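Engineer: First, the structure itself, so that you have it in front of you.
The values are calculated or read from the model by the stated rules, or taken from the named source; none is laboratory data. On a predicted model such as this, the values are computed, not experimentally measured, just so you know. Heads up, the Cβs are rebuilt from the backbone with ideal geometry, glycines too, and the neighbour counts pull from every protein chain shown. For accessibility, only protein heavy atoms count, side chains too; no ligands or nucleic acids. Shrake-Rupley method; radii C 1.70, N 1.55, O 1.52, S 1.80 Å.
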Amino acid sequence: MTHPSATARLGLSEQIKQAARRAGFAQVGICAAVRPGGIERFAEWLAAGYAGEMNYLSRRAAAYEHPSHVLDGVRSLVMLALPYQASAPQVAGQGRGRVSRYAWGTDYHDLIRQRVERVANEIAPVTPDARWRCVVDTAPLLEREFAQLAGLGWIGKNTLLLNRGLGSYFFLAALLTDLELEYDEPWASDYCGTCRACLDACPTGAFVAPYVLDARRCISYLTIELRGPVPSDLRPGMGDWVFGCDVCQEVCPWNQHAPLSIDSNLAPRADLDPLDLTELFSQDEQAFRQRFRGSPIWRAKRRGLLRNAAVVLGNQKLGSAIGALTLGLDDPEALVRGACAWALGRIGGDAAQAVLERRCETEPDSVVLAELRAALAEALMD
């Protein structure tokens, strides 16, 4: 491909930006396809074990070295931001669990991919030989690093990209191309200053240091990525969070005036925030699939969401949840039974004790049985 003149690059880049704005993106910036500046920090983070069970990151570690592993011959990245904050969260209340704001509506992957592809298709007639690839957090690409390089914001102490106008409640997407474009100035300033709000507010102490997150302690990781039991010492810190967590964003000063999204496709579903927890235990796999397919919550799967729901009910020490948790003790998934046992132990009382004692007599799984005995001991202490 021939190298276009500076004037041609500038004109084409402006066309792309206009197309992106028409597609609904609030911010757009363009940067060169280079080795990301944070790749060493990423390697150190992986080596420290902070990724937990997200083994797909280490398996593809080498691919993060350069965006050419995502698109061969790539020259430029168009970085895009789409706000998702639709409204203020409602108070969860007893028997209900909080869901991270990004998951209140439709699964964003397909929605954003369609819009990014709309941008590429709009430009295609004037660049018929160009190659494009859309990325929405599924490819080995350090999106936040490239977004900063494209001038969209800075990476804050909570490791999220921050923008002075948008805060951090936005999705990031990338459009990779082999076209040579006009590049924006990288974002050079860090406006976090001496603020420690996000670091101090984390309920589970997930921040090892400013700009360093131990995902193994992060509530979002625990409720979404972790496939096994939540470590017992971290369960109380989950509080009311049943899927994801927004604490480090809610306390961030840059989010105090973040704009609300006017995108109807991202409007919250009435049944997702907050989430009624006790009713979940009566839903089988088919009912779960019917309710949550097409929602980000689907990622946790039924067993993960019920595990989370049990932990939240245990944190709330809700006596009226004993019936639902008793139902959960008969669930085919050992992960669910173990979490329900813990929750019943936290609730305590004669009714919970009786349920735990009965289940101890029939539980076939040794891990769940250990949870039952520990829960029974806690319940007897009340």
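Engineer: Compare the Cα positions of 209, 248, 191 along the charge dipole of the chain (+1 at Cβ of Lys, Arg; -1 at Cβ of Asp, Glu; about the Cα centre) and return the one farthest towards the positive end.
Structural biologist: 191
Engineer: With every atom except the alpha carbons ignored, what do you get for Rg and Dmax of segment 151-307, in angstroms?
Structural biologist: For segment 151-307, the Cα radius of gyration and maximum Cα-Cα distance read 18.2, 56 Å.
Engineer: Could you give the length gained by full extension between residue 164 and residue 196, i.e. 0.36 nm per residue of separation minus their alpha carbon distance, to one decimal place?
Structural biologist: Working: separation 32, 0.36 × 32 = 11.52 nm, distance 1.72 nm.
Here the answer is 9.8 nm.
Engineer: With +1 assigned to the C-beta of every Lys and Arg and -1 to the C-beta of every Asp and Glu, and no other charges, what is the dipole magnitude of segment 261-334 about the Cα centre in debye, to the nearest 20?
Structural biologist: Numbers: 10 positive and 10 negative charges, 49 e Å.
Computed about the Cα centre, the dipole is about 240 debye.
Engineer: Follow-up. Which cross-chain or sequence-distant (5 or more) residues have an amide H under 5 Å from the amide H of residue 269, H modelled 1.01 Å from N in plane?
Structural biologist: Excluding prolines and chain starts, which carry no amide H, the hits are 105.
Engineer: Whenever you get a sec, line up 69, 109 from highest to lowest accessible area (probe 1.4 Å, protein heavy atoms).
Structural biologist: On the way: 69 110, 109 50 Å².
Sorted descending by solvent-accessible area, the residues read 69, 109.
Engineer: Additional query: Helix 301-316 versus the longest principal axis of the chain: what angle, 0 to 90°, nearest 10, using Cα atoms?
Structural biologist: 60 degrees
Engineer: Once every DSSP H run of n ≥ 4 in the chain is given -39500 (n - 2.57) and the sum is divided by its residues, what mean residue ellipticity at 222 nm do you get, rounded to the nearest 500 deg cm²/dmol? Show your work: numbers first, answer last.
Structural biologist: Numbers: 13 runs with 136 residues, N = 382.
Value at 222 nm, helices only: -10500 deg cm²/dmol.
Engineer: With charges only on Cβ, +1 for K and R and -1 for D and E, what is the dipole size of the chain about its Cα centre, in debye, rounded to 20? Don't skip to the end; give the middle numbers.
Structural biologist: Details: 40 positive and 45 negative charges, 74 e Å.
Dipole size: approximately 360 debye.
Engineer: Another question, if that's okay. Using packing as a proxy for protection, rank 199-212, 260-273 so that the peptide with the highest average count of other Cβ atoms within 10 Å comes first.
Structural biologist: On the way: 199-212: 16.8, 260-273: 14.9.
Averaged packing, sorted descending, gives the order 199-212, 260-273.
Engineer: Of the heavy-atom accessible surface of segment 1-54 (probe 1.4 angstrom), what whole percent is carbon and sulfur? Write down the numbers at each step before the final one.
Structural biologist: On the way: 1520 of 2810 Å².
Percent of accessible area from carbon and sulfur atoms in segment 1-54: 54.
Engineer: Points 7 angstrom from Cα along the Cβ direction at residue 63 and residue 320: gap in nanometres?
Structural biologist: For the pair residue 63/residue 320, the computed spacing is 4.8 nm.
Engineer: Long-range amide H contacts for residue 171: which residues qualify at under 5 Å (H placed 1.01 Å from N, peptide plane, sequence gap of 5 or more or a different chain)?
Structural biologist: 82, 84
Engineer: Sticking with this structure for a sec: What size of dipole, in debye to the nearest 20, comes out for segment 13-130 about its Cα centre when the only charges are +1 on Lys and Arg C-beta atoms and -1 on Asp and Glu C-beta atoms? Present the calculation step by step, with values, prior to reporting the outcome.
Structural biologist: Details: 14 positive and 11 negative charges, 89 e Å.
That gives segment 13-130 a dipole magnitude of about 420 debye.
Engineer: In a shell of Cβ-Cβ distance under 10 Å around residue 205, excluding residue 205 itself, what net charge do Lys and Arg (+1) and Asp and Glu (-1) give?
Structural biologist: Details: positive: 217; negative: 200, 214.
Overall, the nearby charge balance is -1.
Engineer: Calculate the FRET efficiency for residue 360 and residue 271 from the Cβ-Cβ distance with a Förster distance of 45 Å, rounded to the nearest 0.05.
Structural biologist: Details: r = 35 Å, r/R0 = 0.78.
That gives a FRET efficiency of 0.80.
Engineer: With a point put 7 Å past each Cα toward its Cβ, work out how far residue 381 is from residue 35 in nm, to one decimal.
Structural biologist: Result for the modelled spin labels: 5.3 nm.
Engineer: Output the peptides 140-146, 250-256 sorted from most to least packed, where packing is the average of other Cβ atoms within 10 Å over each peptide's residues.
Structural biologist: Numbers: 140-146: 22.0, 250-256: 17.3.
Descending mean neighbour count gives 140-146, 250-256.
Engineer: If you build the Cα gyration tensor of the chain and take the root of 5 times each eigenvalue, what three semi-axes come out, in whole angstrom, biggest first? Spell out each step's value before the answer.
Structural biologist: On the way: eigenvalues 382, 81, 72 Å².
Semi-axes from the Cα gyration tensor: 44, 20, 19 Å.
Engineer: Say the dipole of the chain comes from +1 at the beta carbon of Lys and Arg and -1 at that of Asp and Glu; which of 11, 30, 171 then lies farthest toward its positive end?
Structural biologist: Most positive-ward Cα: 11.
Engineer: Can I ask one more? Express the accessible area of segment 282-329 per residue in Å², computed with a 1.4 Å probe while the remaining protein chains stay in the model.
Structural biologist: Working: 1900 Å² over 48 residues.
Per residue, segment 282-329 has an accessible area of 40 Å².
Engineer: Quick one: 3J(HN,Hα) in Hz for segment 10-24, Karplus 6.51/-1.76/1.60 with θ = phi - 60°, rounded, Gly and Pro as x.
Structural biologist: Values, residue by residue: 5, x, 5, 4, 5, 4, 5, 5, 5, 5, 5, 5, 5, 7, x Hz.
Engineer: Pairing rule first: another cysteine's C-beta must sit under 4.7 Å. Under that rule, which cysteines of the chain stay single?
Structural biologist: Taking the Cβ cut-off of 4.7 Å, the unpaired cysteines of the chain are 31, 134, 192, 195, 202, 218, 245, 252, 340, 360.
Engineer: Could I have the simple spin-label model distance between residue 262 and residue 15, label points 7 Å from Cα toward Cβ, reported in nm to one decimal?
Structural biologist: Going from the residue 262 label point to the residue 15 one covers 2.8 nm.
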